[in-house]
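Before I ask anything, let me first share the structure, which is written out below as structure tokens.
The values are calculated or read from the model by the stated rules, or taken from the named source; none is laboratory data. Quick caveat, the model's predicted, so the values are computed rather than measured. Reconstructed Cβ throughout: ideal geometry from the backbone, glycine too, with neighbour counts over all protein chains shown. Ligands, DNA and RNA are stripped out before the accessible areas are found, and what is left, the full protein with its side chains, is counted by its heavy atoms. Shrake-Rupley method; radii C 1.70, N 1.55, O 1.52, S 1.80 Å.
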Amino acid sequence: MIAGNNETRGELEKRGQTTHDAYARLALENGYLEALLPATLDRAAIRRELEPIAAELKAAKADGQATGLAMKHLKQKGLAVDGGEVAAAVKEIRAG
């Protein structure tokens with residue numbers, strides 16, 4: 001829903017309709033919806049949490065396997081993360 005609201009707001013901006021009732025309403029709605037979601041770590045925080053297992057991630061045969069190891073590690077710590085951000089962080093760690 002948040003992504004859809006952002007898309008609609010973007011379209012309203014393109015049309016110069018930022019004073020439209022829906023523009024403000026969708027922003028308020030997104031604020032409410034975001035408050036309901038658990039806070040997730042950003043990519044930099046994910047990388048810090050994965051430092052202890054960086055060698056294992058680099059040794060994995062493929063990015064998918066490494067991402068699975070990372071998700072398991074983060075889940076065991078009870079951290080809320082976005083899978084896409086974890087995959088991106090894993091690729092960064094494996095690259096260098």
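A quick yes/no check of all residues on (1) basic (Lys, Arg); (2) in a loop (DSSP other than H, G, I, E, B); (3) touching a residue at least 24 places away in the same chain (Cβ under 8 Å):
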site: 18; (1), (2), (3): no, yes, no
site: 25; (1), (2), (3): yes, no, no
site: 39; (1), (2), (3): no, yes, yes
site: 44; (1), (2), (3): no, no, no
site: 50; (1), (2), (3): no, no, yes
site: 65; (1), (2), (3): no, no, no
site: 69; (1), (2), (3): no, no, no
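Also, I was wondering about something else. Please go through segment 83-96 and give me each residue that is open to solvent by 80 Å² or more (accessible area, probe 1.4 Å) and either hydroxyl-bearing (Ser, Thr, Tyr) or under 17 Å from the mean Cα position of the chain (by Cα) (or both), ordered by number.
91
Here is a follow-up. Being without any contact (Cβ under 8 Å) to a residue 40 or more places away in the chain and either out of contact with any Ser or Thr (no Cβ under 8 Å at 6 or more places or on another chain) or part of a loop (DSSP other than H, G, I, E, B) (or both) is the requirement here; does residue 34 meet it?
The answer is yes for residue 34.
I'd like the full set of residues that are surrounded by 14 or more Cβ atoms within 10 Å (Cβ to Cβ) and under 13 Å from residue 88 (Cα atoms), limited to segment 42-62.
Listed by number, the residues that qualify are 43, 45, 46, 47, 50, 57.
Name the residues in segment 1-16 that are part of a helix (DSSP H, G or I), exposed (fewer than 14 other Cβ atoms within 10 Å of the Cβ) and of a type in the set (D, E, K, R), would you?
7, 11, 13, 14
Which residues, taken from segment 83-96, are touching a residue at least 12 places away in the same chain (Cβ under 8 Å) and aliphatic (A, V, I, L, M)?
86, 87, 88, 89, 90, 93
Suppose we keep only residues that are free of Cβ contacts under 8 Å to residues at least 12 places away in the same chain and open to solvent by 70 Å² or more (accessible area, probe 1.4 Å) within segment 71-82. Which one would you say is nearest to residue 36 (Cα to Cα)?
If we take residues in segment 71-82 being free of Cβ contacts under 8 Å to residues at least 12 places away in the same chain and open to solvent by 70 Å² or more (accessible area, probe 1.4 Å), then 75 is nearest to residue 36 (Cα to Cα).
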